[in-house]
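The values are calculated or read from the model by the stated rules, or taken from the named source; none is laboratory data. Here the structure is a predicted model, which means the values were calculated and not measured. Cβ atoms come from the backbone with ideal geometry, glycine included; neighbour counts cover every protein chain shown.
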Amino acid sequence: MLEIKNLHVKLEDEDKQILKGVNLTVEAGKVHAIMGPNGSGKSTLSYVLSGRDGYEVTEGEATLLGEDILEMEPEERAAAGLFLAFQYPVEIPGVGNMTFLRTAVNAQRKARGEDEMSSTEFLKVIRAKAKDLKIDAEMLKRPVNVGFSGGEKKRNEILQMAMLEPKMCILDETDSGLDVDAMKLVADGVNALRSEGRGFLVITHYQRLLDHIKPDVVHIMYDGRIIKTGGPELALEVENNGYADILAEDA
Ligand code: ADP
Ligand code: MG
Ligand code: MG
């Protein structure tokens, strides 16, 4: 599904190398988690995959279902099936949540050469999905993320993900601001959307989220590289012992 090979990334404006050879393959149907100490490059990896400005890929590649995503515009990445959920979703005053979602869904369809969803069909789909995710109909009418609580923003992010039906979902969840309830929401959403044809990369700053999302594979990132890969037990090892042993092993 997602294949990252020897990815090297530096800051565009500064002579600072952040990713120093990341190798990672996420298979369809699997949930991979990335953990690692602060400053390891986890968020940089998700930004680069999303196509955010300010980074320069100096070596390596990233493909989604065999297609080079690094060459694509952010909208093209979304059309190809990539979804990135970020820690601080943007607020869009004046634009209703439902309108925003309909625009996003139809832009994706258009980029794929598909017909737009009619407003009747869209309403049917969004109501069903919102109900599944226990999202209040009122929230669909409010301006995007404006005045949403942390939990509501998370719920909305999961709704965006459900509506766009991506093939590959990348979530960058720092622990800051994620209380237990919000964490549970994210986990329930991910678990509900887990399916054979869909891959997940869950980036998290600590283990607790992984109590609720049981990953198939856990990677530890440090200093711009994946230094260890294992099963769910690796997350428990970090929870119990921190990163010191793993870093010492790597050194
Ligand atoms: P993590 O998400 O693992 O905490 P980040 O990807 O946020 O790590 O950061 C990795 C390293 O790159 C850190 O040392 C951070 O300070 C640096 N970095 C990332 N983006 C920038 C930037 N725009 N300007 C300066 N330094 C940056
Ligand atoms: Mg950080
Ligand atoms: Mg981060």
Worksheet, complete the sentence: Being of a type in the set (Lys, Arg), more than 16 Å from ligand 3 (Cβ to nearest atom) and loosely packed, with under 14 Cβ neighbours inside 10 Å narrows Arg112, Arg77 down to just Arg112
Item to complete: Could you list, in sequence order, all residues of the range 208-246 that are more than 16 Å from ligand 2 (Cβ to nearest atom), under 16 Å from Ser40 (Cβ atoms) and of a type in the set (Gly, Ala, Ser)?
Response: Ala235, Gly242, Ala244
Fill in: Output for the range 107-124, where each listed residue is farther than 19 Å from Phe83 by Cα and not charged (D, E, K, R)
Met117, Ser118, Ser119, Thr120, Phe122, Leu123
Item to complete: For the range 78-90, state whether one or more residues are modelled with pLDDT under 95, in contact with an Asp or Glu (Cβ under 9 Å, 6 or more places away or on another chain) and either among the charged types (D, E, K, R) or farther than 30 Å from Asp136 by Cβ (or both).
Response: yes
Worksheet item: For the range 42-67, how many residues meet the condition of being over 18 Å from the mean Cα position of the chain (by Cα) and more than 10 Å from ligand 1 (Cβ to nearest atom)?
Response: 8
Worksheet item: Restricting attention to the range 145-193, which residues are of a type in the set (A, V, I, L, M, F, W, C), under 20 Å from Gly36 (Cα atoms) and touching a residue at least 60 places away in the same chain (Cβ under 8 Å)?
Response: Cys169, Ile170, Leu171
Response to the item:
Pairing a residue in the range 235-251 that is surrounded by 10 or more Cβ atoms within 10 Å (Cβ to Cβ) with any residue that is of a type in the set (Val, Ile, Thr), where Cβ atoms lie under 7 Å and the two sit 6 or more apart in sequence or on different chains, gives Ala235/Val218; Ile246/Ile220; Ile246/Ile227; Asp250/Ile227
Fill in: the range 2-41, subset closer than 20 Å to Phe83 by Cβ and surrounded by fewer than 21 Cβ atoms within 10 Å (Cβ to Cβ), residue nearest to ligand 1 (Cβ to nearest atom)
Leu24
Worksheet, complete the sentence: Among helices (runs of 4 or more DSSP H) entirely inside the range 1-112, those with 3 or more residues being without any contact (Cβ under 8 Å) to a residue 24 or more places away in the chain are 97-111
Item to complete: Could you please find all residues in the range 35-52 being charged (D, E, K, R) and under 16 Å from Arg225 (Cβ atoms)?
Response: Lys42
